[in-house]
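Peer 1: The structure follows.
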Amino acid sequence: MERMYICIDLKSFYASVECVERGLDPMTTKLVVADIERTEKTICLAITPAMKELGIKNRCRIFEIPKGVDYLVAQPRMQRYIDYAADIYAIYLKYISKDDIHVYSIDEAFMDVTEYLKLYNVTARELGQMIMKDIYDTLGIRATCGIGTNLYLAKIALDITAKHSEDFIGELDEERFRQLLWNHRPLTDFWRIGGGISKKLASYGIMTMKDIAMADEDFLYGIFGIDAELLIDHAWGRETTTIKQIKEYKPDNNSISGGQVLACDYNFRDGEIIIKEMADTVCLEMVDRNLVTKSITLHVGYSNRFNMKPAHGTVALDMETNSDIMIIPKVVELYRRIVNRNVPIKRVNIICNNVVQEECRQYSFFVDTCALERNNKMQKAMIEIKNKYGKNAIVKGMDLQDKATTIERNGQIGGHKAGV
């Protein structure tokens, strides 16, 4: 049986929410969502369609908006957007089982509607229209919809053809994909083809999906390795992965990570404060989830003013652990070893590699297990207090230092203000 998928995207989601909250029409109101308390270089998280019609690009920076444009600025309210997304997911569940829904991002979801078309006695387009109308009638948020015979075609129908349709719905099968989009440019309009891949293909005179489909497969494998398989399949409009397979997938290895882009350049000494805070945060997350790790990776990017390769390194621990008294000193030692002390830093990522359940931990003869147990109880007590009274109900002394960021970040979601 040929399957049928729809992919629904919420138009300019964050900006639309802010317009709805103000009683404004998202399609005609000039509004951007950005934290102007930072700098004029701050990125606009979303802009309304009315701003896009002026030629202003989504994810632009405030200073890139032409001076003559009169527009509203809304502070990011990430928790509010999550609440709206939850309400919209509840609307999906009125029509489709959760087993047939894959949430791709906060504003986009795939649905396998194959079994529902006969149930509701509708076409995929009609079902898409029903869901879109329900979202608009309930919350005032407009949506677009892509329909395809596989997940890839549903996504391409959404990204490329829906925006040119009067009802904001695009529909593709493999034959229609080749008819309409084989010669479409630029290649970067297609899902999973970024600027680097497009540039590499262009250097060999490959400019369209048809060019990829007609190219010698061994030649493409020579350039892209195993990734060529996906590129070739997509050039023909093929995609074998299903939502059922996505839900059943379990990775061989799991990790926990944290990262942040600093508000300004940090010198080496102040950067160490950030490293300690972030290590402490991932330790608490592991304790909360009953996970342990035996190695930590640190990735530190230098200031944009310096064209320098980021510092990168991994440190092994003496045993699987989630203890801050074991992990923080090791991470600080790694930081001091790999980071250039004379160059300011701007970005930090910390990764706990190959995390496993705590019951899999093997103790070392060379550590004080009693001290670790006491420390673990203290970490769990901190988590209980934070869960009950808020993340900032209990903090460490290092979090009170001038260049510390944990207290501020505890009021954020995804690096942006949570809002109300």
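Peer 1: So which pairs qualify, if the first residue must be in the stretch 14-33 and at positive phi and modelled with pLDDT under 95, the second must be basic (Lys, Arg) and surrounded by fewer than 24 Cβ atoms within 10 Å (Cβ to Cβ), the Cβ gap must be under 8 Å, and the two must be at least 6 apart or on different chains?
Peer 2: none
Peer 1: Go through (1) surrounded by 18 or more Cβ atoms within 10 Å (Cβ to Cβ); (2) touching a residue at least 60 places away in the same chain (Cβ under 8 Å); (3) assigned to a helix (DSSP H, G or I) and name the single condition residue 144 misses.
Peer 2: (3)
Peer 1: Let me ask another. When you scan the stretch 107-119, do you find a residue that is closer than 30 Å to residue 237 by Cβ, acidic (Asp, Glu) and part of a strand (DSSP E or B), even just one?
Peer 2: yes
Peer 1: Could I ask something else about it? Please pick out the residue among 271, 258 that is touching a helix residue (DSSP H, G or I) at 6+ places or on another chain (Cβ under 8 Å), surrounded by 18 or more Cβ atoms within 10 Å (Cβ to Cβ) and closer than 15 Å to residue 406 by Cα.
Peer 2: 271
Peer 1: Check the stretch 59-74 and report whether any residue there is under 20 Å from the mean Cα position of the chain (by Cα) and within 24 Å of residue 158 (Cβ to Cβ).
Peer 2: For the stretch 59-74, residues under 20 Å from the mean Cα position of the chain (by Cα) and within 24 Å of residue 158 (Cβ to Cβ): present.
Yes/no matrix, rows are residues, columns are (1) of a type in the set (Phe, Trp, Tyr); (2) in a helix (DSSP H, G or I); (3) at pLDDT below 85:
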position: 340; (1), (2), (3): no, no, no
position: 346; (1), (2), (3): no, no, no
position: 350; (1), (2), (3): no, no, no
position: 367; (1), (2), (3): no, no, yes
position: 373; (1), (2), (3): no, yes, no
position: 376; (1), (2), (3): no, yes, no
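Peer 1: For the stretch 55-64, give me each residue that is out of contact with any helix residue (DSSP H, G or I) (no Cβ under 8 Å at 6 or more places or on another chain) and surrounded by 14 or more Cβ atoms within 10 Å (Cβ to Cβ).
Peer 2: Answer for the stretch 55-64, where residues must be out of contact with any helix residue (DSSP H, G or I) (no Cβ under 8 Å at 6 or more places or on another chain) and surrounded by 14 or more Cβ atoms within 10 Å (Cβ to Cβ): 60, 61, 62.
Peer 1: Is it true that some residue in the stretch 321-341 is closer than 23 Å to residue 402 by Cβ and within 23 Å of the chain's Cα centre (by Cα)?
Peer 2: Scanning the stretch 321-341, I find no residue that is closer than 23 Å to residue 402 by Cβ and within 23 Å of the chain's Cα centre (by Cα), so the answer is no.
Peer 1: Taking helices (runs of 4 or more DSSP H) that do not extend beyond the stretch 173-246, which have at least 3 residues that are loosely packed, with under 13 Cβ neighbours inside 10 Å?
Peer 2: By residue number, 195-202, 217-224.
Okay, residues lined up against (1) over 25 Å from residue 375 (Cβ atoms); (2) modelled with pLDDT under 95; (3) not in a strand (DSSP E or B):
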| site | (1), (2), (3) |
| --- | --- |
| 272 | no, no, yes |
| 277 | no, no, yes |
| 297 | no, no, no |
| 307 | yes, yes, yes |
| 320 | no, yes, no |
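Peer 1: Considering only the stretch 51-59, I want to know if a residue exists there that is in contact with a Pro (Cβ under 7 Å, 6 or more places away or on another chain) and either in the same structural domain as residue 164 (by TED's automatic domain parsing) or part of a loop (DSSP other than H, G, I, E, B) (or both).
Peer 2: no
Peer 1: On to the next question. From 318, 288, which residue is surrounded by 15 or more Cβ atoms within 10 Å (Cβ to Cβ) and not hydrophobic (A, V, I, L, M, F, W, C)?
Peer 2: Going through 318, 288 in turn, just one is surrounded by 15 or more Cβ atoms within 10 Å (Cβ to Cβ) and not hydrophobic (A, V, I, L, M, F, W, C): 288.
The values are calculated or read from the model by the stated rules, or taken from the named source; none is laboratory data. Remember, it's a predicted structure, so these values are computed and weren't measured experimentally. In this analysis, Cβ positions are derived from the backbone assuming ideal geometry, glycine residues included, and neighbour counts consider all displayed protein chains.
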